[in-house]
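Right, one structure below, let's go through it.
The values are calculated or read from the model by the stated rules, or taken from the named source; none is laboratory data. Worth saying up front: this structure is predicted, and the values here are computed from it rather than measured. Here the Cβ positions follow ideal geometry from the backbone for every residue, glycine too, while neighbour counts run over all protein chains shown. Just the protein is used for accessible areas: all its heavy atoms, side chains included, with ligands, DNA and RNA removed. Shrake-Rupley method; radii C 1.70, N 1.55, O 1.52, S 1.80 Å.
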Amino acid sequence: MEHQVVEGSKPVTVPALDPTITARGVNVFYGDKQAIFDVDVDVPRNAITSFIGPSGCGKSTFLRCINRMNDTIPICTVTGDIRIDGEDIYDPRLDVVELRARVGMVFQKPNPFPKSIYENIAYGPRIHGLTRSKKELDELVEKCLEKAGLLKEVKDRMNEPGTGLSGGQQQRLCIARAIATRPEVILMDEPCSALDPIATAKVEELMEELKENYTIIIVTHSMQQAARVSQRTAFFHLGKLVENGDTRQIFTNPSDKRTQDYITGRFG
Amino acid sequence: MTDTQSGLLSSQHDWSSAAARKRVKRRYAADRRLQFYGIGAIALSILLLGVLFSSLMFTGYVAFYTTKVALEVPFAADQFDKDKLGDANYRGIAKTAFLTYFPEVTSRAEQRNLVKIMSSGAPYIIRDFVVANPDRIGSTVTIQVPVSDPFDQLYKGVIPRYIDALGQDRIALFEKLQRRNVIKIEGGKAFAATDIFVNPAEIPDGDITKADLHGMVREGFAAYYPKQTSRAYQEILAEDASTQVLRAKIEAEPGIVGKTVTLMLPLAPAYDELARTGASKIVNPRFGDKAEFVWFDKLISAGAISTPFTWELFTNADSRYPELAGLAGALSGSFFALLVCFLLSFPIGIATAVYLEEFAPKNKWTDLVEVNINNLAAVPSVVFGLLGLALFINTFGLPRSAPLVGGMVLALMTLPTIIVATRAALKGVPPSIREAALGVGASKHQVMLHHVIPLSLPGILTGTIIGLAQALGETAPLLLIGMNAFIPSIENMGLTQPAMALPTQIFSWADSPERGFVSRTSAAIMVLLGFLVIMNILAVYLRRKFERKW
């Protein structure tokens with residue numbers, strides 16, 4: 001493992017083994033304003049990577065580049081190269097709808113569709129034609145709910161609105177919805193910021209299980225959460241990647257002073 | 001953190017000082033005042049609304065029942081041709097049936113007046129009955145037909161039998177004469193004791209037939225009103241009769257020529273009655289003659305008059321006769337026009353709003369379109385009528401007066417309402433739902449069709465129904481494209497047939513002189529308001545329904 005220690009603007013990066021996602025030289029602009037500056041990141045397969053940093057540092061913006069959610073903002077432009085398994089996701093020939101099915105996303109505020117619990121999960125597979133029969137779809141829905149640890153709680157009310165669940169259940173429903181399209185990557189944008197500690201613990205447990213099969217990126221404000229759940233951590237500051245490496249190393253022995261200041265609570 | 005002890009931020013403010021208490025008091029007073037203004041404004045609007053509704057109901061409720069007379073109609077088989085049932089002499093049949101109540105009236109002129117009590121529509125009612133029930137020919141059937149409008153109004157107590165013949169100013173003029181003791185009553189008749197100078201210059205060659213006796217009478221009487229500029233006093237004398245009196249006097253006493261005589265001149269009937277009884281009543285000019293009251297009273301005492309509910313108000317087409325006029329034509333016209341309006345404005349409005357809100361790039365052109373849509377909502381409806389007239393009728397050659405064109409014009413008017421409401425509803429869908437749908441890989445149109453539009457449907461429907469309700473009450477554009485056609489038949493109602501709409505029907509009834517149309521107008525307004533209320537309830541219901549579900 002190469003250990004590169006450079007002070008100042010150059011990011012401190014420890015390359016990941018077997019990366020699923022590789023980003024090189026990513027810049028993001030909102031109109032004239034640049035939000036992300038020349039970011040290089042590797043995200044390892046079947047592990048949890050957390051993006052941390054103070055508010056407005058661009059970690060969510062960068063996350064949304066990975067499933068091209070930023071495309072929906074008209075003034076937003078992205079340059080640079082992001083690859084998932086070597087495939088350039090900004091290739092004009094790539095179908096962005098398919099990409100978003102392959103890169104699931106969980107948002108800050110639980111946002112189940114105002115439809116039944118069943119419909120919430122069945123929607124994605126249905127529009128992508130992932131199942132051939134009603135029975136197969138039923139099985140898939142059940143499997144997703146089970147994976148999300150929600151099946152026991154909602155088994156008897158699959159036809160009730162998803163919005164009627166508690167906040168934590170709603171967020172787990174959103175996770176179940178995200179895995180229903182059989183993604184390789186799951187992006188989580190501060191998934192626990194609207195949840196109480198018990199619900200947070202459940203979601204974290206779930207992430208722990210999901211990482212066996214999925215590559216997970218989580219944006220979080222909580223450094224404890226990052227330290228608890230992730231194997232890799234990337235620290236963003238003012239739109240720049242400051243440090244990216246093994247979580248334990250970043251939290252115990254950060255190479256950059258800004259990282260150290262942030263994780264020790266000097267700013268943020 | 002250490003400098004808060006000094007200066008402005010120190011906690012030394014005295015919250016219990018007199019000035020502070022006064023400030024608190026003023027604040028509470030201002031709060032109360034504001035509340036009071038609000039309550040006052042609401043109370044005022046409720047009051048005005050109450051006045052509007054009660055006056056509408058008060059004038060309109062009588063239109064919901066009709067004064068009808070029961071006719072015993074013997075359908076003799078020889079009166080009808082089986083193949084042409086509609087062609088029999090129904091006028092004669094109705095007249096004969098009606099006259100059986102009055103065997104004593106035999107003169108033709110009297111009979112002609114008598115039949116006027118019955119509505120002119122009676123023969124058609126009997127005809128329609130026979131055409132619908134040909135099996136009843138040969139039997140005697142009791143058919144209720146409306147009485148004509150003046151008697152309908154009389155029976156409902158809307159108009160009186162007699163009215164005051166003279167206004168206050170006329171009575172004041174007359175009272176001047178009475179105060180001067182000019183008016184005498186002799187033998188049950190009133191006279192004006194008038195000094196008249198029999199001017200020899202006015203009698204050429206002493207030939208009384210060439211004399212201007214009218215002038216002499218007028219001049220003599222005018223002396224009692226030296227300062228009167230209006231000629232109203234001239235109505236007081238029965239002038240022809242007065243001239244006769246003067247002529248008779250001169251013929252009887254030729255010696256009075258060149259002298260002044262005092263003559264007892266008869267008064268006009270209204271003033272004669274005023275002099276004798278202190279009040280002057282004449283038969284309401286909506287009726288012909290006192291005899292008609294006697295006949296009508298006879299019908300009432302014979303139990304032939306009844307007042308059933310006016311189903312005709314909803315089943316009849318328009319008519320010149322208020323007792324027969326109904327809203328069926330207007331209802332169908334409004335229905336077809338609204339149908340066209342809905343079918344055009346709903347899809348176009350939603351498509352426009354969805355494109356502008358979700359797909360259109362934000363640039364000068366879309367800004368321009370947006371501003372103009374908002375402006376369109378403020379364009380007076382009469383302008384849309386002109387546009388419809390110029391474009392749809394004159395350029396495209398579509399039929400005039402047709403609900404098709406009416407609906408197209410109303411659609412132009414409704415479009416901005418629907419577009420604005422739809423855009424507001426689309427904006428109201430939380431972005432998190434769009435993100436959620438995009439996040440599972442829904443394409444833009446799937447996000448719209450599966451999530452955003454269903455969620456904004458309550459708002460869209462509410463806006464649409466409000467827009468349609470506005471269109472239902474719109475009058476001016478319909479008048480311009482001629483949707484105030486007088487259509488006295490409910491056959492041939494359709495998209496391209498000339499038609500009437502509810503508001504134009506109200507407009508045309510309000511313009512009619514017959515007394516019965518006053519209550520018909522109010523009743524039509526009540527029907528229109530009823531539809532508006534139903535549409536608004538529907539809007540509220542739809543919103544509740546879709547919102548409660550999720």
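Quick rundown of the values:
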quantity: When residues of region A:142-171 are limited to those that are assigned to a helix (DSSP H, G or I) and within 13 Å of chain B (Cβ to nearest Cβ), the one surrounded by the fewest Cβ atoms within 10 Å (Cβ to Cβ); calculated: A:Gly164
quantity: Per-region count, region B:279-289, residues farther than 16 Å from B:Ala190 by Cβ and part of a loop (DSSP other than H, G, I, E, B); calculated: 6
quantity: Condition check for B:Gly463: within 22 Å of B:Phe546 (Cβ to Cβ) and more than 14 Å from every other protein chain (Cβ to nearest Cβ); calculated: yes
quantity: Total residues in region B:126-167, condition farther than 19 Å from B:Ala63 by Cα and assigned to a helix (DSSP H, G or I); calculated: 10
quantity: Tally of residues being of a type in the set (D, E, K, R), outside any loop (DSSP other than H, G, I, E, B), in contact (Cβ under 8 Å) with a residue 24 or more places away in the chain and more than 24 Å from B:Arg434 (Cα to Cα) across region A:18-76; calculated: 4
quantity: Count - residues of region B:112-126 that are more than 13 Å from B:Ala97 (Cβ to Cβ) and open to solvent by 30 Å² or more (accessible area, probe 1.4 Å); calculated: 5
quantity: Subset of region A:203-221 (residues that are part of a helix (DSSP H, G or I) and surrounded by fewer than 19 Cβ atoms within 10 Å (Cβ to Cβ)); calculated: A:Glu204, A:Glu205, A:Glu208, A:Glu209
quantity: Test for A:Glu243: is it outside any loop (DSSP other than H, G, I, E, B), out of contact with any strand residue (DSSP E or B) (no Cβ under 9 Å at 6 or more places or on another chain) and more than 14 Å from chain B (Cβ to nearest Cβ); calculated: no
quantity: Matching option when the condition is of a type in the set (A, V, I, L, M) and touching a Cys at 6+ places or on another chain (Cβ under 8 Å), among A:Val219, A:Val203, A:Val229, A:Val185; calculated: A:Val203
quantity: Yes/no for A:Ala226 being more than 14 Å from chain B (Cβ to nearest Cβ), of a type in the set (A, V, I, L, M) and surrounded by fewer than 22 Cβ atoms within 10 Å (Cβ to Cβ); calculated: no
quantity: Scan of region A:124-141 for residues that are surrounded by 18 or more Cβ atoms within 10 Å (Cβ to Cβ), within 13 Å of chain B (Cβ to nearest Cβ) and without any contact (Cβ under 8 Å) to a residue 24 or more places away in the chain, ordered by number; calculated: A:Ile127
quantity: Filter result for B:Leu8 (open to solvent by 100 Å² or more (accessible area, probe 1.4 Å), modelled with pLDDT of 95 or more and not acidic (Asp, Glu)); calculated: no
quantity: Boolean, A:Ile175 is buried (at least 21 other Cβ atoms within 10 Å of the Cβ), within 14 Å of chain B (Cβ to nearest Cβ), in contact with a helix residue (DSSP H, G or I) (Cβ under 6 Å, 6 or more places away or on another chain) and not small (Gly, Ala, Ser); calculated: no
quantity: Positions within region B:201-229 being within 50 Å of the chain's Cα centre (by Cα) and open to solvent by 50 Å² or more (accessible area, probe 1.4 Å), in sequence order; calculated: B:His214, B:Arg218, B:Glu219, B:Ala223, B:Pro226, B:Lys227, B:Gln228, B:Thr229
quantity: Single residue of B:Lys68, B:Lys82 found to be surrounded by 11 or more Cβ atoms within 10 Å (Cβ to Cβ) and basic (Lys, Arg); calculated: B:Lys68
quantity: Tabulated pairs, region B:64-83, first closer than 21 Å to B:Thr315 by Cβ and touching a residue at least 24 places away in the same chain (Cβ under 8 Å), second open to solvent by 30 Å² or more (accessible area, probe 1.4 Å) and assigned to a loop (DSSP other than H, G, I, E, B), C-beta under 6 angstrom, 6+ apart or interchain; calculated: B:Tyr65/B:Thr307; B:Thr67/B:Thr307
quantity: Elements of type helices (runs of 4 or more DSSP H) in region B:185-278, at least 2 residues being over 26 Å from B:Asp164 (Cβ atoms); calculated: B:213-222, B:239-252
quantity: Check on A:Lys115, open to solvent by 20 Å² or more (accessible area, probe 1.4 Å), more than 18 Å from the chain's Cα centre (by Cα) and within 13 Å of another protein chain (Cβ to nearest Cβ); calculated: yes
quantity: Enumeration of residues in region B:409-447 that are open to solvent by 10 Å² or more (accessible area, probe 1.4 Å), more than 10 Å from chain A (Cβ to nearest Cβ) and either touching a Pro at 6+ places or on another chain (Cβ under 8 Å) or closer than 30 Å to A:Arg177 by Cβ (or both); calculated: B:Met413, B:Arg423, B:Ala424, B:Ala425, B:Lys427, B:Gly428, B:His445
quantity: Any hit, region A:100-112, residues being closer than 20 Å to B:His445 by Cα, within 9 Å of another protein chain (Cβ to nearest Cβ) and surrounded by fewer than 17 Cβ atoms within 10 Å (Cβ to Cβ); calculated: no
quantity: Sole exception among (1) open to solvent by 10 Å² or more (accessible area, probe 1.4 Å); (2) within 12 Å of chain B (Cβ to nearest Cβ); (3) among the aliphatic types (A, V, I, L, M); (4) not in a helix (DSSP H, G or I) for A:Leu195, by number; calculated: (2)
